[in-house]
1. Here's a check for you: in the stretch 100-139, which residue that is part of a strand (DSSP E or B) and either open to solvent by 30 Å² or more (accessible area, probe 1.4 Å) or under 15 Å from Ile304 (Cα atoms) (or both) is nearest to the ligand (Cβ to nearest atom)?
2. For Tyr336, which of the numbered conditions (1) aromatic (Phe, Trp, Tyr); (2) open to solvent by 10 Å² or more (accessible area, probe 1.4 Å); (3) within 16 Å of the ligand (Cβ to nearest atom) fails to hold?
3. Take the residues in the stretch 220-242 that are closer than 18 Å to Gly385 by Cα and out of contact with any Asp or Glu (no Cβ under 8 Å at 6 or more places or on another chain), then tell me which one is most open to solvent (accessible area, probe 1.4 Å).
4. Which residue pairs have Cβ atoms closer than 6 Å, lie 6 or more positions apart in sequence or on different chains, and pair a first residue in the stretch 359-379 that is on the phi > 0 side of the Ramachandran plot with a second residue that is of a type in the set (A, V, I, L, M) and part of a helix (DSSP H, G or I)?
5. Checking the conditions here, which among Ser343, Ser372 is in a helix (DSSP H, G or I), over 30 Å from Arg183 (Cα atoms), away from the ligand (no atom under 16 Å from the Cβ) and in contact with a helix residue (DSSP H, G or I) (Cβ under 6 Å, 6 or more places away or on another chain)?
6. Within the stretch 198-229, can you find the residues that are hydrophobic (A, V, I, L, M, F, W, C) and out of contact with any strand residue (DSSP E or B) (no Cβ under 6 Å at 6 or more places or on another chain)?
7. On the given criteria, is Ala245 more than 23 Å from the chain's Cα centre (by Cα), surrounded by 20 or more Cβ atoms within 10 Å (Cβ to Cβ) and outside any loop (DSSP other than H, G, I, E, B)?
8. If we keep just the residues of the stretch 77-99 that are open to solvent by 40 Å² or more (accessible area, probe 1.4 Å) and among the polar types (S, T, N, Q), which is nearest to the ligand (Cβ to nearest atom)?
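The values are calculated or read from the model by the stated rules, or taken from the named source; none is laboratory data. Quick caveat, the model's predicted, so the values are computed rather than measured. As a convention, Cβ positions derive from the backbone with ideal geometry for all residues, glycine included, and neighbour counts pool all protein chains shown. These area figures cover heavy atoms from the full protein model, side chains too; ligands, DNA and RNA do not enter into them. Shrake-Rupley method; radii C 1.70, N 1.55, O 1.52, S 1.80 Å.
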Amino acid sequence: MSQEKKAIELAEDLASHRIDRRSFVRGALALGLGLPTISAVLQACSGEEAPKEPPKPETTEPAKPAEVPMEKELRIYNWSDYIAEDTVANFKKETGIEVIYDTYEANEELVAKLQAGASGYDLVCPSGYAVQVLLALNLLEKLNPAWLPNVGNISTVFRKTAFDPTDEFTVPWQWGTTGIAFRKDKVKAPPDSWAVFLDKQYKGKMTMMDDMRDVIGAWLRYRGKSLNSTNADELAQAKKDALEAKALLQSFISAPVKGQLVAGDVWVAQLWNGDTMQAKVESDQIDYVIPKEGTTIWCDSMCIPKGAPHPRAAHAFLDYILRPEVGASISKFTGYGSPNAKSTASMEKPVPYPTEEQLKLLEYQTDLGAASQQWDQIWTEIKAG
Ligand code: N2P
């Protein structure tokens, strides 16, 4: 069946109440329908079960900064090792706002927390595909541009993105890639392919990330497929490859593998570029490569969850990190690229934006929509296998 026919069928299913709005959105995203189309269909089909969403006055006419009192507290939920050591302390010193800062290791952890409801967080930092999921589930607030005077510092490269085409929900935080970190002094030759994780000579000395999208995605790329594939045969092959690799891996582990790389207990690790740079600060034997079959490029963005208790303070923090020097100090610590053009310009050694040639090897992850369940199932089988 053609994509167009499938889309029409999906819309008909919604119109005749065979599926609910949530399933429709998931399916539509999987078919590659854009959010404007999806929302048009949702509007056309809005029946009695559709949640009424009256336009909020503050989104049509942004409140002026003085009209909303600044809250005294702010709760942030972000990836681990993803901020400079003094960012939060300096913000508190300047504003008097108390910050509670918790961390997670994967997008799925974040989405599950927000889906469970009443997380109490004011700021979270999903990757692009996870922004799409959160928007589809109506779990994000619109930002108030009147409270973000520094928003113009963001590079146009990271504005009007596929996951937030109208720039209403996201302030990009950091961008980077998922590649292979390795110990130069331990491996025979620098790896250049995902195939290194099938190399028996490194048995027990390798790790891949504890991240469904990146592990299955890597094995899809290894076979020349898209890391957003929803094709059953391609996914079955990726699972087979992942299980073969698993027999040689020490574990599935993400950011915390840095210590093991530094100690020399792990020689080859699937890891993000910035976390690798953080490890490199501890040991100059560590290096990073983008495999020849290609990999993920991502941009994580700060967003405000629906019903966040301290939206004014959340905007104050966002505008604070958008200052050139604050953004630069964050990227200096994390080792990731700054989406802030003014921060990048002020840095001695910013992560350069990938060249056209490199971009050919890089792919952004998108929401898997209805195929998410299939991916979840495969990931569960890989972890259990
Ligand atoms: C934080 C790395 C997060 C990057 N340590 C994942 N998108």
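1. Ser127
2. For Tyr336, the exception is condition (2).
3. Lys240
4. Matching pairs, first to second residue: Gly369/Leu29; Gly369/Ala30.
5. Being in a helix (DSSP H, G or I), over 30 Å from Arg183 (Cα atoms), away from the ligand (no atom under 16 Å from the Cβ) and in contact with a helix residue (DSSP H, G or I) (Cβ under 6 Å, 6 or more places away or on another chain) holds for just one of Ser343, Ser372, which is Ser343.
6. Once the filter is applied, which keeps residues that are hydrophobic (A, V, I, L, M, F, W, C) and out of contact with any strand residue (DSSP E or B) (no Cβ under 6 Å at 6 or more places or on another chain), the stretch 198-229 yields Leu198, Met212, Ile216, Ala218, Trp219, Leu220.
7. For Ala245, the condition - more than 23 Å from the chain's Cα centre (by Cα), surrounded by 20 or more Cβ atoms within 10 Å (Cβ to Cβ) and outside any loop (DSSP other than H, G, I, E, B) - is met.
8. Per the criteria, the residue is Asn90.
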